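Take a look at the structure below.
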Amino acid sequence: MTARLEIFGSKAATTLVKHINAAGKVVTDSGLPPATQELVKIRASQINGCGFCLDMHTKEAAHAGETATRLNLVAGWREANVFTDAERAALELAEQGTRIADAAGGVPDEVWTNATKYYDEDQLFALVALIALINTYNRLNVIVQQPAGDYQPGMFG
């Protein structure tokens with residue numbers, strides 16, 4: 001499979017990705033636990049069918065010490081007993097935020113309220129920004145059919 005556009009060779013794409021990554025640095029430095037960040041990226045990427053992001057974030061999570069059991073159970077997090085209540089709240093917010101077009105009223109109040117039990121305001125903003133950013137990357141990669149499978153941890157920074 002080859003991509004419809006050569007993202008990594010395009011000046012416009014390189015500039016855009018640089019700015020998205022700069023926004024992502026705010027999330028990285030927010031105090032939102034790194035494991036939670038990767039779980040959220042993985043779950044949104046599963047929902048959106050983004051193989052490139054799944055390849056990247058499962059490998060990055062494993063490289064950072066995430067267990068195969070937890071990585072294999074992200075899609076079934078509701079039935080899995082390997083996630084904390086805080087991670088569950090973040091995964092639910094990620095699902096609702098990713099599927100926002102399917103929800104007539106947006107993210108339900110009870111989902112938001114549950115997340116506020118585990119995260120302070122800065123972490124909540126970081127979580128919302130993370131959901132928006134990974135959905136942006138998912139859409140870019142899915143639209144151009146960016147191939148997956150060759151990612152190596154640390155490849156982009």
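For this structure, a couple of remarks:
- Selection within region 8-24 - surrounded by 10 or more Cβ atoms within 10 Å (Cβ to Cβ), among the hydrophobic types (A, V, I, L, M, F, W, C) and under 25 Å from H63 (Cα atoms): F8, V17, I20, A23
Residue-wise test of (1) free of Cβ contacts under 8 Å to residues at least 60 places away in the same chain; (2) closer than 20 Å to S30 by Cβ.
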{"position": "A44", "(1), (2)": "no, yes"}
{"position": "T58", "(1), (2)": "yes, no"}
{"position": "R70", "(1), (2)": "yes, no"}
{"position": "A75", "(1), (2)": "yes, no"}
{"position": "T98", "(1), (2)": "yes, yes"}
{"position": "G106", "(1), (2)": "yes, no"}
{"position": "A115", "(1), (2)": "yes, yes"}
{"position": "E121", "(1), (2)": "yes, yes"}
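- Extreme residue, surrounded by the fewest Cβ atoms within 10 Å (Cβ to Cβ), among residues of region 25-58 that are small (G, A, S) and more than 17 Å from T98 (Cα to Cα): G31
- Residue check for V74: β-branched (V, I, T) and either touching a strand residue (DSSP E or B) at 6+ places or on another chain (Cβ under 7 Å) or over 17 Å from Q37 (Cβ atoms) (or both): no
- Of residues in region 60-95 being charged (D, E, K, R) and surrounded by fewer than 17 Cβ atoms within 10 Å (Cβ to Cβ), the one farthest from the chain's Cα centre (by Cα): E79
- Qualifying residues in region 1-26 (those that are of a type in the set (V, I, T) and closer than 12 Å to Y137 by Cβ) - the one modelled with the highest pLDDT: I20
- Failed item, numbered, when T98 is tested on (1) under 12 Å from the mean Cα position of the chain (by Cα); (2) closer than 23 Å to D150 by Cβ: (2)
- Subset of region 103-144 (residues that are surrounded by 12 or more Cβ atoms within 10 Å (Cβ to Cβ), in contact with a helix residue (DSSP H, G or I) (Cβ under 9 Å, 6 or more places away or on another chain) and either in a loop (DSSP other than H, G, I, E, B) or basic (K, R) (or both)): A103, G106, V107, P108, Y118, Y119, R139
The values are calculated or read from the model by the stated rules, or taken from the named source; none is laboratory data. All values reported here derive from a predicted model rather than from experimental measurement. Ideal geometry is used to build each Cβ from the backbone, glycine not excepted, and the neighbour counts take in all protein chains shown.
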